[in-house]
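Note sheet for the following structure.
Coordinate-derived values only; no laboratory data. None of the values given here were measured: they were computed from a predicted structure. Cβ sites come from the backbone with ideal geometry, for glycine too, and all protein chains shown count toward neighbours.
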Amino acid sequence: GNSTPYDGDWIYWSKRRGEYPETPTTVATLLKTQKGKCTHCGLYFTPTDTVEVDHILPRSLGGKDEYKNLQLLHKHCHDTKTENDGSLNKDYHSNPF
């Protein structure tokens with residue numbers, strides 16, 4: 001009703017129509033797929049949130065660059081996930097067993 005594609009609410013328009021002029025295609029696709037929610041915390045993204053594309057299985061652990069391995073997370077959720085997913089553990093990379 002009251003929203004327009006020019007009001008700056010890129011989250012709403014990317015999720016609703018899958019497009020917004022300044023939103024990268026990957027981000028728009030993930031927003032639509034995830035119905036506007038962060039897969040880590042389950043909260044909706046807002047226009048003021050910093051969001052990041054994350055590899056579910058990190059590339060450093062063999063994850064691929066494909067949509068089924070990507071998710072959109074709040075920046076702070078991405079930081080938390082990265083701390084715990086093993087991708088920063090140098091010992092794991094040199095000797096995983």
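Taking neighbour counts of Cβ atoms within 10 Å as a proxy for exposure, in what order, fewest first, do Cys41, Cys77 appear?
Least to most surrounded, the residues fall as Cys41, Cys77.
What is the distance, in nm, between label points placed 7 Å from the Cα along the Cα-to-Cβ direction at Lys75 and at His40?
1.2
Fewest to most neighbouring Cβ within 10 Å: what's the order for Asp49, Asp65?
Numbers: Asp49 16, Asp65 9.
Listed from fewest to most nearby Cβ atoms, that is Asp65, Asp49.
Compute the length gained on full extension between Lys32 and Thr48: take 0.36 nm times their separation in residues and subtract their Cα-Cα distance, giving the result in nm to one decimal.
4.0 nm
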